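Written out below as structure tokens is the structure these notes cover.
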Amino acid sequence: NTSKAADPALLKGITTCTLVAPYDPATIQMPGQAAPEIAEAYLVDFLEYCEKEGISNLIFVRFPHRNAVTHSAAVSQVEEVLARYGHSLLNLEERIDDIGLDFDRDFFNDEHLNIYGMEKMTAYFGNFLASNVLDAPIQQSSANAKHWDECVNAFEVFRAYAYDRTEEGIEAWPGEEPYEIAQIENWLNQS
């Protein structure tokens, strides 16, 4: 039974590339040092909208990249804008060791985590949210808990597929799109 685009998102939008890119600091491309003015204008517009609407419990996060140092000027620029509006940036590039990321195994390119890195990052960020943001565990309805269990089961199949492809060195882009789900289901039926 192949999923359709209108079905509930069991994978919650997850996608990855099943590669492990070797880490070579000499090949990291140097981006521009500052964010474009339009990017800052969009951020300011969003912050002013939130302020006007009374939305104050915001978390801004910079997720890990292997080329963190090359983005320091743009990240600093974002931090300065956020500070003007009373917010801060959780810069996870400063917590690579705490997360346990391995530059030689956990990225499929210099900008993106693969399945191994995604799992480490998700565990770290989930613990951060539970410890620093949530006041108490969230109580779910039985229907919501049942749906969550379905999502966990779907992720377990996704994880097995992504691990298999990554370990075999087969490039794939598994995710929620129907053709990708069909590939995963085909793999599952052959396993």
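Nothing in this text is a laboratory measurement; each read-out follows from the coordinates by a stated rule. The structure presented is a predicted model; accordingly, all values stated were derived computationally and were not measured. With ideal geometry, Cβ positions are generated from the backbone for all residues, glycine too; neighbour counts draw on all protein chains shown.
Each helix, a run of at least 4 DSSP H residues, gives -39500 (n - 2.57); summed and divided by the residues of the chain, these come to -16000 deg cm²/dmol at 222 nm. What distance in nm separates the simple spin-label points at Y42 and E150, each placed 7 Å from Cα in the Cβ direction? With each label point 7 Å from Cα toward Cβ, the separation is 3.3 nm. Evaluated at q = 0.12, 0.16, 0.19 Å⁻¹, a Debye calculation over the C-alpha positions of the chain (equal weights, vacuum) places log10 I(q)/I(0) at -0.79, -1.23, -1.33.
Across region 114-191, C-alpha contacts under 8 Å between residues 6 or more apart give a mean separation that, scaled by the residue count, equals a relative contact order of 26 percent. One quarter of the convex hull surface built on the alpha carbon atoms of region 80-189 amounts to 10.1 nm², the projected area averaged over directions. At q = 0.10, 0.21, 0.22, 0.24 Å⁻¹, work out log10 I(q)/I(0) for region 52-139 with the Debye formula, treating every Cα as an identical point scatterer and leaving solvent out; two decimals please. Taking Cα atoms of region 52-139 as identical point scatterers yields -0.31, -1.08, -1.12, -1.21.
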